[in-house]
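What follows is a set of notes on a single structure, which appears directly below.
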Amino acid sequence: SPIRAELGDCVRCGLHEGRKKLVFGVGSESADLVIIGEAPGHKEDLTGEPFVGKSGQLLTRMIGAIGLRRDEVYICNVVKCRPPNNRDPSPEEVHTCSPFLIRQVQTINPRVVMTVGKFASQCLLGLDESMGRMRGKTHQWENLPVVPSYHPAYLLRNPVAKRDAWEDLLRIRALLRR
């Protein structure tokens, strides 16, 4: 994609120093659903693909539960390089990298955006609220409906939250069917 080409072998912030692979995004460039996470983790850094490993497998099952295949959606992160020790990206790192995310989403122009995890939800929506307060409703961003939900890694640690995540998925399915 032209955006990926412009990003190039990015050295715009300090995160590039520790990365193995830049993790741009994966999936359909004409997807109805874009899923946005926080940042690549260890396995993502090695493969160059977002949401691999156990949390990625759960995300694939979540997508499947509402009748979509992983290759039909588009999956990316707020920042494209792994922060050291999986820490949250700094405000400067987000500020430097997020214009690429915004252009990715605008280019795909999906019908619905799903943010997973508190960090990605706060970043995209410009909110400083808990996940519990953000989820359970449809937000607006750039005239697109945004549905925040729990990160799959959180769901693996807290299976009781899967019921709430299922409600979020049903909300997304309803928005996609409009």
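Of the residues 3, 144, 52, the one whose Cα sits farthest towards the positive end of the charge dipole of the chain is 52 (charges of +1 on Lys and Arg Cβ, -1 on Asp and Glu Cβ, taken about the Cα centre). Projecting the Cα atoms of 64, 30, 83 onto the dipole axis of region 26-106, where Lys and Arg carry +1 and Asp and Glu carry -1 at the beta carbon, places 64 farthest toward the positive end. The slack between residue 142 and residue 46, meaning 0.36 nm per residue of separation minus the straight C-alpha distance, is 31.3 nm. Full extension of the segment from residue 128 to residue 177, taken as 0.36 nm per residue of separation minus the current Cα-Cα distance, would add 14.6 nm. Rounded, prolate or oblate: pick one for region 84-157, where a ≥ b ≥ c are the square roots of the eigenvalues of its C-alpha gyration tensor, a/c under 1.5 means rounded, and failing that, prolate if a/b is larger than b/c, else oblate. Oblate shape, in that a/c is at least 1.5 and b/c is the bigger or equal ratio.
In the context of the full protein assembly, residue 42 retains an accessible surface of approximately 100 Å², using a probe radius of 1.4 Å and ignoring ligands and nucleic acids. Of all DSSP bridge pairs formed entirely within the chain, close to 30 percent run antiparallel. Using only Cα atoms and rounding to the nearest 10 degrees, what angle (0 to 90) does helix 53-65 make with the longest principal axis of the chain? On a 0 to 90 degree scale, this one is about 40. Ordered from highest to lowest accessible area with the whole protein assembly present and a 1.4 Å probe, 107, 60 read as 107, 60.
Residue ranking by accessible heavy-atom surface, 1.4 Å probe, largest first, among 166, 141 comes out as 166, 141. Given +1 at the Cβ of Lys and Arg, -1 at the Cβ of Asp and Glu and no other charges, the dipole of the chain around its Cα centre is 620 debye to the nearest 20.
Using every pair of separate Cα atoms, the Kirkwood estimate puts the hydrodynamic radius of region 1-101 at 13.9 angstrom.
With coordinates expressed along the principal axes, the C-alpha atoms belonging to the chain extend over 40, 33, 30 Å, beginning with the largest. Here region 88-151 is assigned +1 on the Cβ of each Lys and Arg and -1 on the Cβ of each Asp and Glu. Its dipole about the Cα centre then comes out at about 360 debye. When you filter the GluC sites (Glu not before Pro) in region 1-105 for DSSP loop state and at most 13 other Cβ atoms inside 10 Å of their Cβ, you are left with 29. In the complete set of protein chains, residue-level accessible area for residue 12 is approximately 110 Å², probe 1.4 angstrom. For residue 88, the solvent-accessible surface computed with a 1.4 Å probe is close to 90 Å², ligands and nucleic acids excluded.
The values are calculated or read from the model by the stated rules, or taken from the named source; none is laboratory data. Note that the structure is predicted; figures quoted are calculated from it, not measured. Note that we place each Cβ from the backbone using ideal geometry, even for glycine, and neighbour counts take in every protein chain shown. Just the protein is used for accessible areas: all its heavy atoms, side chains included, with ligands, DNA and RNA removed. Shrake-Rupley method; radii C 1.70, N 1.55, O 1.52, S 1.80 Å.
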